[in-house]
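Okay, so here's the structure we're looking at.
What follows is calculated from the coordinates using simple rules that are stated; it is not laboratory data. What you see is a predicted model; the values in this text were computed from it and never measured. When we count neighbours, we look across all protein chains shown, and the Cβ atoms used for this are built from the backbone with ideal geometry, even at glycine.
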Amino acid sequence: MLEIDRIYCADAFEMFPKIEDGTVDLVICDGPYGVTANRWDRIPSIQEFNLELIQIFARKLKEGGALYLFGKPDCIDFIDYRPYLNLRSKIVWYQPSRLAQGRINYTNNYDIICYFIKGDKPRVFNLDAIRVPQLVELEHRLRCERVPSVLNGKFGRTKFHHEGKNPGDVWGDIKQLTYRSKELVSREFLNTIQKPAKLIDRLLQASSIEGDLVLDPFAGVGTCPAVCRELNRHFIAFEWNREFAATVNSRLKKVNNDLAARLF
Ligand SMILES: C[S@@+](CC[C@H](N)C(=O)[O-])C[C@H]1O[C@@H](n2cnc3c(N)ncnc32)[C@H](O)[C@@H]1O
């Protein structure tokens, strides 16, 4: 059995057997994409690699638990994940600031976040915690409310909500980090890894509640553990790079200090 709320500096695949089956509420899997020259990112078939992960997470998750799997657009192409988990959405994380220098093709400027659940019904989907502003004018909004539903022909299924709308499955409102981002933990690490806290925050808020256990198997510099701490979620995190794992610990210390300072 593993201790919770700590980062283990280890190979995730050696650690998975130590997690009891059916105990994890949510997995945030931001591991290899199979596209860079980093040693840890050189994966012969990213799809087969992801299928293995999906099989492992299906065992570790509770019924209704969620997995968010990051990757490139083809990251789960031609593999059959259906016996293990239920794919609910492929979220497009759109990054307009990415340098787009293709000459003979359209340059890829988004990542995919595959949202899976175990079983048919999510344990948690906190829509109210992740609503985004409605950016349409009043007349359009009112007219849309009068359009009958495609499914049953009844009216009123697309009601305006004053707290905002569902963020949908294309997210262009969360910017990739740049060298000027205040939250960047190190300018050296930028190219390979760190995700914006706001992105991880949305996933955690949507698919977990306070006290839940979140597994972050490829923790990098610890965005997920840091946000878990802020949101009162428990976590188990793995990262085999010593320097990164040490960074996760200092980041967690800083979050603890900030939280303590807010109490006084
Ligand atoms: C994309 S990064 C994660 C970034 C993280 N979400 C953040 O915001 O800092 C992937 C990380 O997985 C680590 N990694 C890759 N394979 C691993 C393995 N088998 N076990 C543990 N860590 C691994 C890499 O060292 C890298 O830091």
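In whole Å and largest first, what semi-axes does the C-alpha gyration tensor of the chain yield when each eigenvalue is scaled by 5 and square-rooted?
Ellipsoid half-lengths, sorted descending, are 30, 22, 22 Å.
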Residue-count net charge about G168 - beta-carbon cut-off 15 Å; Lys, Arg +1, Asp, Glu -1: +3
Pairwise label distance in nanometres, K182 with D120, each label 7 Å out on the Cα-Cβ vector: 4.7 nm
Gaussian network model of the chain, Cα within-10 Å springs - most flexible of V35, V147, V27: V147
Helix-only CD estimate at 222 nm, as mean residue ellipticity for the chain, using -39500 (n - 2.57) per DSSP H run (n ≥ 4): -8000 deg cm²/dmol
Leading residue at positive end of dipole, the chain (Cβ point charges), from G34, F218, C144: C144
Choice from E137, E52, E183 showing the highest fluctuation, given a GNM over the chain with Cα pairs closer than 10 Å: E137
Among I193, I236, I104: highest mean-square fluctuation, GNM of the chain, C-alpha pairs under 10 Å: I104
Zone of R98's modelled label, taken as backbone nitrogen in the range 61-91 under 12 Å from a point 7 Å along Cα→Cβ: 71-75
Virtual spin-label span in nm between K198 and M1, 7 Å along Cα→Cβ: 4.0 nm
Extended-chain gain in nm, criterion 0.36 nm per residue less alpha-carbon gap, A261 and A10: 87.2 nm
